[in-house]
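Novice: The structure that follows is given in the form of structure tokens.
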Amino acid sequence: MTDAPGRSPSSVDDVLSEYGGLEAQLSDPALHEDPAAARRVGKRFAELTPVVQTHQALASARDDLAAARELADDDASFADEAERLAAEAETLEAKLADLLAPRDPHDADDVLMEIKSGEGGEESALFASELARMYTRYAEKHGWVVQTLGATESDLGGVKDASLSIRARQPSRDGVWSRLKFEGGVHRVQRVPVTESQGRVHTSAAGVLVFPEPEDVGPVEIDESDLRIDVYRSSGKGGQGVNTTDSAVRITHLPTGTVVTCQNERSQLQNKQRALEVLAARLQAAAEEAADAEAAEGRANQVRTVDRSERVRTYNFPENRIADHRVGFKAHNLDAVLDGDLDAVLDALAAEDRRRRMEDA
């Protein structure tokens, strides 16, 4: 497949040509006999649609502007319309330039997210569970599907670690990764823990790792001899049969030490298949890191050790304040944020990312 999903075409002409080809493929009934291929083509078509629509709107605005200016020579009443159309064309030109600027090739992808407790013991585990709920609520508000692949609970009902798959229901140019890719790093919480008898504010932390889960994880090949596969009984809440059989699967990739667990599915075979998919995506992300210096620099910001001094964001309960230290964002609506109202802080991070892309374009 020569057209890599998510790449940035060099010009509008390239986009129009590719878009026409994709449109023809989608109209061919034979494509839909292969659901995976149809999804890939549909995903790429959705990525290019905003570019094509903006280009068409700009062409229409320019045509209308030329006509309005010509009419204004004979009728001054068209001067205001020409001025409005000139401003509209300028806005559309800027939008088209933004859409054509180099972008993250994974922006349309779904994500795998890992949340780990760190310094702070039980308090950190409780905070990690609140972060998992926050991302789940945010995903639900955007119509995404969240699947818990595995979780280890603490004594007080928190989570020591949790793995989530977050997927969009429909393909889009700006998918789950385009929003949640900024969440990787150490998240610090300041509050009075439930275990604190003196009412003192404590600081603890939890770590979040995010990586893309492409539809096609590409050329990564996994040798069965490199895997250690363990099965065990699922823990936590579950229906009949889920917690009574050894259906949970833990896969260790021996060459890299990567460990993936899955216990959400009802059968051992289903959990093994899902775990292999997750492992392939993680190994692909690691391969991209090694091969691409920019990707390595970007993912280095997802702190691998959960040290509360190395944080990307602070959640201050006494002041009901959230602060993102990368872009200087602050807001006093922590309760709403923890209920999934993350768009304001993610918009600020996306705006800074867009500014840097435009500088590099």
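Novice: May I ask which residue of Val159, Ser124, Ala94 lies farthest towards the positive end of the charge dipole of the range 36-168, with charges of +1 (Lys, Arg) and -1 (Asp, Glu) on Cβ and the Cα centre as origin?
Specialist: After comparing all options, I get Val159.
Novice: Still on this model: Using modelled backbone amide H atoms (1.01 Å from N, in-plane), which distant-in-sequence or interchain residues come within less than 5 Å of Val159's amide H?
Specialist: Long-range HN contacts for Val159: Leu126, Ala128, Ser129, Ser154.
Novice: Taking H placed 1.01 Å from N in the peptide plane, check which residues at least 5 places from Arg321 or on another chain put their amide H under 5 Å from its amide H.
Specialist: Asn316, Leu334
Novice: Same structure, new question: Of the trypsin sites (Lys or Arg not before Pro) in the range 107-194, which ones lie in a loop per DSSP and count no more than 13 other C-beta atoms within 10 Å?
Specialist: Details: sites: Lys116, Arg133, Arg137, Lys141, Lys160, Arg167, Arg169, Arg173, Arg179, Lys181, Arg188, Arg191; in loops: Arg169, Arg173.
Taking the range 107-194 and a limit of 13 other Cβ atoms within 10 Å, the loop trypsin sites (Lys or Arg not before Pro) found are Arg169.
Novice: Follow-up question, since we're still on this one. For Gly150, which sequence-distant residues (separation of 5 or more, or a different chain) have an amide H within less than 5 Å of its own amide H, given hydrogens modelled in the peptide plane?
Specialist: Hits under the 5 Å cutoff: Ser163, Gln263.
Novice: Tell me, what ³J(HN,Hα) does each residue in the range 37-42 have, in order and in whole Hz, if you take phi through Karplus 6.51 cos²θ - 1.76 cosθ + 1.60 with θ = phi - 60° and put x for Gly and Pro?
Specialist: Once θ is set to phi - 60°, the couplings for the range 37-42 become 5, 4, 5, 4, 5, x Hz.
Novice: Given a cut-off of under 8 Å on Cα pairs at least six residues apart, what relative contact order in percent is computed for the chain?
Specialist: In percent, rounded to a whole number, it is 16.
Novice: Roll a 1.4 Å probe over the protein heavy atoms and report the accessible area of Tyr232 in Å², nearest 10.
Specialist: We get 60 Å² for Tyr232.
Novice: Specify which residue in the list Ser172, Gly199, Ala79 is farthest towards the positive end of the charge dipole of the chain, using unit charges on the beta carbon of Lys, Arg (+1) and Asp, Glu (-1), about the Cα centre.
Specialist: With unit charges placed on the Cβ atoms, the residue in question is Gly199.
Novice: For n ≥ 4 DSSP H runs only, could you compute -39500 (n - 2.57) per run for the chain, divide by its residues and tell me the 222 nm figure to the nearest 500? Working shown, then result.
Specialist: Numbers: 9 runs with 156 residues, N = 361.
-14500 deg cm²/dmol, from helical runs alone.
Novice: Right, here's the next one. For volume of the Cα convex hull per residue in Å³, the listed values are (1) 180; (2) 136; (3) 194; which was obtained by calculation from the structure presented?
Specialist: The listed entry that was calculated here is (1).
Novice: If you take every residue apart from Ile229 with its C-beta less than 14 Å away from the C-beta of Ile229, what net charge results, scoring Lys and Arg +1 and Asp and Glu -1?
Specialist: Here the count lands on -1.
Novice: A follow-up question, please. To the nearest 20 Debye, how big is the dipole of the range 6-92 about its Cα centre, given +1 on the beta carbon of each Lys and Arg and -1 on that of each Asp and Glu?
Specialist: The calculated dipole for the range 6-92 is roughly 760 debye.
Novice: Continuing with the same structure: Of Phe182, Phe78, which has the most accessible area with a 1.4 Å probe, and how do the rest follow in descending order?
Specialist: Numbers: Phe182 30, Phe78 70 Å².
If we order Phe182, Phe78 from most to least accessible, we get Phe78, Phe182.
Novice: Moving to a separate point now. With the cut-off at 28 Å, tell me which of the pairs Lys43/Lys330; Lys141/Lys272; Lys116/Lys141; Lys141/Lys181; Lys116/Lys181 have Cα atoms farther apart than that.
Specialist: Beyond 28 Å between Cα atoms: Lys43/Lys330; Lys141/Lys272.
Novice: So what are the ³J(HN,Hα) numbers for the range 104-110, from phi and the Karplus equation (6.51, -1.76, 1.60; θ = phi - 60°), rounded to whole Hz, Gly and Pro as x?
Specialist: Running phi through 6.51 cos²θ - 1.76 cosθ + 1.60 with θ = phi - 60° gives 5, x, 9, 3, 8, 7, 7 Hz.
Novice: Could you give the dipole magnitude of the chain about its Cα centre, charging the beta-carbon of Lys and Arg +1 and that of Asp and Glu -1, in debye to the nearest 20?
Specialist: Around 1980 debye, computed over the chain.
Novice: Distance between the C-alpha centers of the range 155-207 and the range 53-120? Whole Å please.
Specialist: 35
Novice: If you take every residue apart from Val159 with its C-beta less than 12 Å away from the C-beta of Val159, what net charge results, scoring Lys and Arg +1 and Asp and Glu -1?
Specialist: Counting the neighbours of Val159, the net charge comes to -3.
Novice: Ok, one more. Please state the charge dipole magnitude for the range 91-166, taken about the Cα centre, from unit charges on C-beta atoms (+1 on K and R, -1 on D and E), reported in debye and rounded to the nearest 20.
Specialist: Here the size comes out at about 240 debye.
Novice: Select from Asp104, Asp74, Asp13 the residue whose mean-square fluctuation is largest in a Gaussian network model of the chain (Cα-Cα springs shorter than 10 Å).
Specialist: Highest fluctuation among the options: Asp74.
Novice: With the dipole of the chain worked out from charges on the C-beta (+1 for Lys and Arg, -1 for Asp and Glu) around the Cα centre, which of Met113, Leu349, Val249 lies farthest toward the positive end?
Specialist: Of the candidates, Val249 comes out farthest on the positive side.
Novice: A follow-up question, please. Mean-square fluctuation check for the chain, GNM, Cα pairs under 10 Å: which of Leu100, Leu31, Leu338 is largest?
Specialist: Leu31
Novice: How high is the relative contact order of the range 79-188, in percent, with contacts defined as C-alpha pairs under 8 Å that are six or more residues apart?
Specialist: In percent, rounded to a whole number, it is 31.
Novice: Something else about it: Taking the Cβ of Gly340 as the centre, find all other residues whose Cβ is under 14 Å away and add up their charges (Lys, Arg: +1; Asp, Glu: -1).
Specialist: -3
The values are calculated or read from the model by the stated rules, or taken from the named source; none is laboratory data. Worth saying up front: this structure is predicted, and the values here are computed from it rather than measured. Virtual Cβ from ideal backbone geometry, glycine too; neighbours counted across all protein chains shown. Surface areas here come from the heavy atoms of the whole protein model, side chains and all, with no ligands, DNA or RNA. Shrake-Rupley method; radii C 1.70, N 1.55, O 1.52, S 1.80 Å.
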